[in-house]
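Okay, so here's the structure we're looking at.
Just so you know, all these numbers are worked out from the coordinates, no wet-lab data involved. Given the structure is predicted, the values throughout are model-derived calculations rather than measurements. Don't worry about glycine lacking a Cβ; one is built from the backbone with ideal geometry, like all the others, and counts go over all protein chains shown.
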Amino acid sequence: MDRIRLIGGNELNGEIPISGAKNAALPLMIASLLSDEPLVLQNVPRLADVKQLERILENHGVDIAVHGRRRGEEGEGQRMTFHAADIVDTTAPYDLVSKMRASFWVIGPLLARCHEARVSLPGGCAIGTRPVDLFLFGLKELGAEIDIDEGYVVAKAPKGGLVGAHIKFPKVSVGATHTILMAATLARGTTVIDNAAQEPEITNVAECLVAMGAKITGIGTRTLTIEGVERLHGATVDVIPDRIETGTFAMAAAMTGGNVLLKGARAEHLQAALDILARTGTALSVEPEGLRVHRNGNGIQPVDVETDPFPGFPTDLQAQFMALMTMASGTSQIRETIFENRYMHVAELARFGADISVDGQLATVRGKAQLKGAQVMATDLRASVSLVIAGLAARGETIVNRIYHLDRGFERLEDKLGRCGAEIERIAG
């Protein structure tokens with residue numbers, strides 16, 4: 001199993017190109033199931049999760065062509081064509097879905113287009129229960145009959161297909177919003193989704209659906225209105241830059257010091273996180289090519305933060321921010337409000353010498369002037385990169401084990417950091 005080796009202490013200086021957003025690319029790929037015409041996606045990141053979803057879509061009968069640059073070359077992400085001319089299988093099996101939670105979202109397009117779907121209950125990072133009750137609630141409101149059979153969700157649409165409805169989610173769910181939004185595009189009549197997620201990735205998918213012929217209003221707001229159409233056609237769509245990767249590299253630069261241009265980053269997609277980062281003493285400036293992050297020799301100031309759905313501080317940046325706070329000149333508090341089990345990285349950060357205590361959903365971080373390199377183990381995708389950030393700033397050698405988590409969501413991480421002065425390498429396992 002591969003590992004990452006770091007020698008900490010180097011400032012980061014240079015440019016880091018921001019890849020396409022994993023959290024947008026995956027639902028955009030799934031949207032290809034809604035049409036029998038090709039969907040072309042540009043700037044698709046080269047990630048393990050993308051490869052896994054390719055296998056799932058191919059199992060349903062989607063033909064996939066990959067164009068563009070080879071892995072490891074500079075430039076934009078992949079250009080990929082997804083053509084679901086015929087859906088040959090409406091079952092998404094356990095051995096595929098169990099490896100990645102987002103693959104469960106195929107249930108919406110399959111049910112909308114084929115009027116049936118049999119999808120395994122999902123897997124993914126063990127950062128909380130993340131139930132699919134809101135998904136099933138929304139599909140039932142659209143008229144679907146739902147049954148659970150031996151770990152599979154078996155869904156059937158009424159004769160004539162799904163029917164539009166007014167759906168009010170009791171809480172915000174990105175996955176449920178994606179799924180119901182896609183399903184509603186082919187439903188008969190009008191669907192209104194209240195308390196919809198507002199993440200930029202939702203907007204990216206909604207605009208893709210519009211480009212495919214869907215009728216959607218309220219994009220970017222808490223209320224989405226979808227007028228169902230008989231069919232969708234093909235389109236060409238760009239995957240937005242990854243705001244979580246942007247925030248991750250910004251925090252790495254803040255922790256190590258230096259001056260880094262995050263090429264292609266869109267500050268408006270993570271303004272809450274950037275506002276918090278600025279309060280730590282980090283200089284941030286929007287430039288024509290992206291976002292510049294600069295921290296000179298001044299210390300890192302402690303800042304309290306609470307995770308919230310967009311436009312709030314993202315839960316996917318909580319672990320990285322905690323790593324930054326371990327070297328702040330004072331005490332900070334972090335409250336996790338999205339997932340109930342997203343502090344598994346705390347024990348690993350403690351191996352660097354970090355002083356962190358957890359009481360329920362509240363973590364108290366007492367900053368230290370110096371961390372020491374250590375052997376650590378990744379527990380989930382975002383936690384794993386927090387360990388890399390800590391290792392970049394720690395004195396001595398750090399080994400991060402089980403980095404397959406990193407490969408799920410970060411493209412060429414060691415290459416990007418290495419070109420900015422980090423002493424980092426991948427060790428084949």
Global geometry of region 323-410, whether rounded, prolate or oblate, following the gyration tensor of its Cα atoms and the 1.5 cut on a/c: oblate
Backbone HN-Hα couplings from phi across region 397-404 [Karplus 6.51/-1.76/1.60, Hz, Gly and Pro as x]: 8, 10, 10, 9, 8, 6, 7, 4
Highest-first arrangement of 174-187, 331-344, where packing means the average Cβ count within 10 Å: 174-187, 331-344
Nearest-ten-degree value, helix 48-60 long axis tilted from longest Cα axis of the chain: 10 degrees
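The chain: D in µm²/s via Stokes-Einstein (Kirkwood Rh, Cα pairs, 25 °C, 0.890 mPa s)?
112 µm²/s
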3J(HN,Hα) from dihedral phi, region 137-154, Karplus parametrisation 6.51/-1.76/1.60, rounded to Hz, x for glycine, proline: 4, x, 5, 5, 4, 7, x, 6, 9, 10, 9, 10, 9, 6, x, 10, 8, 9
DSSP beta bridge pairing in the chain, given as percent antiparallel to the nearest 5: 70 percent
Listed peptides 377-388, 144-155 by packing density, highest first (mean Cβ within 10 Å): 377-388, 144-155
Positive-end residue of His115, Val229, Phe321, charge dipole of the chain with Cβ unit charges: Phe321
Separation of alpha-carbon centers, region 268-309 and region 319-375, rounded to whole Å: 18 Å
Charge dipole magnitude, Cβ of K and R +1, D and E -1 - the chain, Cα centre, debye nearest 20: 660 debye
HN-Hα J in Hz across region 287-302 - Karplus 6.51, -1.76, 1.60, θ = phi - 60°, x for Gly and Pro: 10, x, 8, x, 10, 9, 10, 9, 9, 8, x, 5, x, 8, 8, x
Among 188-200, 86-98, the order from most to least packed when residues are scored by Cβ within 10 Å on average: 188-200, 86-98
Computed E for Ile148/Ala211 - FRET, C-beta separation, R0 41 angstrom, nearest 0.05: 0.70
For Leu371, residues with placed amide H under 5 Å, excluding near neighbours: Arg395
Rounded to 10°, Cα long-axis angle of helix 200-211 versus longest principal axis of the chain: 30 degrees
For Gln78, distant residues with modelled amide H under 5 Å away: Asn43, Val44, Arg46
Three-way shape label, region 22-238, alpha-carbon gyration tensor, a/c 1.5: rounded
Helix-derived mean residue ellipticity, 222 nm - over the chain, DSSP H n ≥ 4, -39500 (n - 2.57), to 500: -8500 deg cm²/dmol
The chain: relative contact order in percent, alpha carbon pairs under 8 Å with at least 6 residues between: 21 percent
Relative contact order %, region 22-238, counting alpha carbon pairs below 8 Å whose residues are six or more apart: 20 percent
Residues whose placed amide H lies under 5 Å from that of Val153, excluding near-sequence neighbours: Val119, Ser120, Leu121
Theoretical FRET efficiency, 1/(1+(r/R0)^6), r = Cβ-Cβ of Ser329 and Ile64, R0 41 Å, to 0.05: 0.25
Between helix 174-184 and the chain: long-axis angle, C-alpha atoms, 0 to 90°, nearest 10: 20 degrees
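I want the local charge near Arg5. Using Cβ-Cβ distances under 10 Å, sum +1 for each Lys or Arg and -1 for each Asp or Glu among the other residues. Before the final figure, lay out each step's value.
Numbers: positive: Arg3, Arg426; negative: Glu397, Glu414, Glu423, Glu425.
The answer is -2.
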Residue-count net charge about Gly138 - beta-carbon cut-off 12 Å; Lys, Arg +1, Asp, Glu -1: -1
